[in-house]
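The values are calculated or read from the model by the stated rules, or taken from the named source; none is laboratory data. What you see is a predicted model, and the numbers here were worked out from it, not measured in a lab. Here the Cβ is made from the backbone with ideal geometry for all residues, glycine too, and neighbour counts use every protein chain on show.
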Amino acid sequence: MSRIARGDSALATLVQSAPHLVQLVGQMRPTWELPALTVLDPAFLRRERIRGLVWDVDGLGELFPTIPILRAYRLGGAVLHRKLEGRTDSWTAEELVARLKEGARVIRKPSLVLMEYAIGQLGCGRDAIVMVGDQYLTDVAGANLGGVRSVKLPTIAPESFRRSVRLSQRLEALAYRVFHRSRRPESPPVR
């Protein structure tokens, strides 16, 4: 099975998103675009009534080692959910291999299915949840498709990513500037 089919390739997101690209470009505008992670502080969370975060800022390493990672796979007409929490995986290695052999495919962002899963896991209303991410097309568009607010942060340590990922991030930033430049998202005051 190819890396793209398994969802392990940077191109897998493009393959999954290509049929919906026009719609997704229209969904790339974040609620807030913050200049740094430090602006996303407790005062910001209280002021904006945020009680749950869906987090995907690449390059942070082990900043949140105890936070669960949620994954979803499509197998036929079913959606299978997997939760990784620290060293604990809700699937055994054998189950993962078997499901992939059966044809399970990783569902990548942007995806309403993934957002619905995260919202269910957080247990609070959409109005209290914010997606925090560093990519317009996957993180911000995924939040907008799921009906939750979004925070766009700069990518942390972009040099740590494969060249293909860095290229896709540049293309996505260019698309954002071309289609959304005239309408800037909110920027809260930096304290």
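Return the residues of the stretch 150-162 that are modelled with pLDDT of 85 or more and surrounded by fewer than 19 Cβ atoms within 10 Å (Cβ to Cβ); say none if nothing qualifies.
Within the stretch 150-162, Pro154 is the sole residue that qualifies.
Determine whether Ala118 is modelled with pLDDT under 90, within 25 Å of Arg74 (Cα to Cα) and of a type in the set (Gly, Ala, Ser).
So Ala118 passes the test.
Just need a number here: residues in the stretch 172-191 that are at pLDDT below 85, within 20 Å of Pro110 (Cβ to Cβ), exposed (fewer than 15 other Cβ atoms within 10 Å of the Cβ) and not aromatic (Phe, Trp, Tyr).
The qualifying residues number 1.
Restricting attention to the stretch 84-112, report how many residues are surrounded by fewer than 16 Cβ atoms within 10 Å (Cβ to Cβ), under 30 Å from Leu37 (Cβ atoms) and not polar (S, T, N, Q).
Selection size over the stretch 84-112: 6.
Tell me whether the stretch 3-23 contains one or more residues that are at pLDDT 90 or above, buried (at least 16 other Cβ atoms within 10 Å of the Cβ) and within 20 Å of Gln135 (Cβ to Cβ).
no
Could we say that Arg177 is more than 21 Å from Val54 (Cβ to Cβ) and basic (Lys, Arg) here?
Yes.
Search the stretch 39-89 for residues being of a type in the set (Val, Ile, Thr) and at pLDDT 90 or above, and hand back the single one that is farthest from Glu116 (Cα to Cα).
Val39
For Val151, are the conditions met, namely being out of contact with any helix residue (DSSP H, G or I) (no Cβ under 8 Å at 6 or more places or on another chain) and closer than 27 Å to Ala36 by Cα?
So Val151 passes the test.
Just to confirm my filter: which helices (runs of 4 or more DSSP H) fall fully inside the stretch 74-191 and include at least 3 residues that are over 30 Å from Arg46 (Cα atoms)?
Helices (runs of 4 or more DSSP H) meeting the threshold: 93-101, 163-180.
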